[in-house]
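Chemist: A single structure is presented below for examination.
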Amino acid sequence: MRRVISPRTRLIVVTNLHNPSSVPAGEPDLREVVELARSVGARVLVDEVYLDAIYQDTPRSSFHLGPEVVVTNSLTKVYGVSGLRCGWILAHPDLARAMWQLNNLFAATPVHPGELMSVAAFEHLDILREQARRVVEADRVLLNEFLERESNVSAVRTRWGTTCFLRLLEGDVDGFLERLRAEFETSAVPGRFFEMPGHFRIGMGVNTEMFAEGLGRISRALNQAPLLLP
């Protein structure tokens, strides 16, 4: 980051937990990023949509690191209520006010019953989070067993998060994912979307039985003859 930042830099974007690997960024590292941004008059946008998936000793929000920091979050990932389309932004009051005005001007008018349901969800976040935690922890056991069993993929293992970024050790990822869709009716996110074309992302936290079935289908696809690079 030090090599590429310049006086022309206006915004540094960070995801915490990191998407797609679920690796957490520690506060000392985030503080250093904020100091770098401050040195050139830039802001730091931290997407914390996965942060509350650290279920023990959850770090505080990066919003506390300085007025340069803008934080985004939502009910979608950790809390499992994506249908409500409810999110929020933490920012310096002047910037937050400007965002509010632009949102009023350009955004679609939300459905009022959905807004009321979002308010109700905020009153029960602990319950929603605990439900999600039980599913994710069961899924992670299955994921670790899968990684132990399959020799053609590797991944950084983490204790937290709802995503895992798998590296395909042999073959072409796009061809493999096409086979996975066509022959096994299973989808994963290509790593090229993250500028890492040798990888693909899978997600946890919805339904453990379905996740187990998905891992089984990935295993069957992996154990077919590998698709070589063209």
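Chemist: What FRET efficiency would be calculated for the residue pair D57, E32, taking the C-beta separation as r and a Förster radius of 25 Å, to the nearest 0.05?
Modeler: After rounding, the FRET efficiency stands at 0.75.
Chemist: Can you figure out the FRET efficiency of S82 with F194, using R₀ = 25 Å and their beta-carbon distance, to the nearest 0.05?
Modeler: Calculated value: 0.75.
Chemist: Determine, for S118, S187, the number of other Cβ atoms within 10 Å of each Cβ, and report the residues in order from fewest to most.
Modeler: Fewest-to-most Cβ neighbours within 10 Å comes out as S187, S118.
Chemist: I need the GluC sites (Glu not before Pro) found in region 154-230, filtered to DSSP loop residues with at most 14 other beta carbons within 10 Å of theirs.
Modeler: Passing sites in region 154-230 are E170, E185, E195.
Chemist: Now for a separate question. Could you tally the net charge around A212, taking each other residue with its Cβ under 11 Å from the Cβ of A212, Lys/Arg +1 and Asp/Glu -1?
Modeler: -3
Chemist: In whole Å and largest first, what semi-axes does the C-alpha gyration tensor of region 66-225 yield when each eigenvalue is scaled by 5 and square-rooted?
Modeler: After scaling each eigenvalue by five and taking roots: 36, 19, 15 Å.
Chemist: Turning to a different aspect of this structure: Only counting other Cβ atoms within 10 Å, I'd like I5, I54 sorted with the fewest neighbours first.
Modeler: Fewest-to-most Cβ neighbours within 10 Å comes out as I5, I54.
Chemist: Still on this structure, please answer the following. Residues with beta-carbon under 14 Å from that of V173, excluding V173: net charge, scoring Lys, Arg +1 and Asp, Glu -1?
Modeler: Local net charge: 0.
Chemist: Separate question: Using a simple spin-label model with points 7 Å from Cα along the Cα→Cβ vector, what separation in nm is obtained for A182 and H92?
Modeler: In this crude spin-label approximation the distance works out to 5.3 nm.
Chemist: Give the calculated FRET efficiency between D174 and E213 to the nearest 0.05, with a Förster radius of 22 Å applied to their Cβ-Cβ distance.
Modeler: 0.45
Chemist: Under the 0.36 nm per residue contour assumption, what length would be gained going from the current alpha-carbon distance of V119 and Q224 to full extension?
Modeler: Between V119 and Q224, full extension yields an extra 33.0 nm.
Chemist: Can you give the net charge of the other residues whose Cβ lies under 14 Å from the Cβ of H64, counting K and R as +1 and D and E as -1?
Modeler: Around H64, the surrounding residues sum to -1.
Chemist: Between L105 and L142, what length in nm is gained on full extension when 0.36 nm per residue of separation is reduced by their alpha carbon distance?
Modeler: 8.7 nm
Chemist: Please arrange V33, V13 by counting, for each residue, the other beta carbons lying within 10 Å of its beta carbon, fewest first.
Modeler: So the residues, fewest neighbours to most, are V13, V33.
Every read-out reported here was derived from the displayed coordinates using simple, explicitly stated rules and does not represent laboratory data. Everything quoted here is computed from the prediction, not taken from an experiment. All Cβ positions, glycine included, derive from the backbone under ideal geometry; neighbour counts span all protein chains shown.
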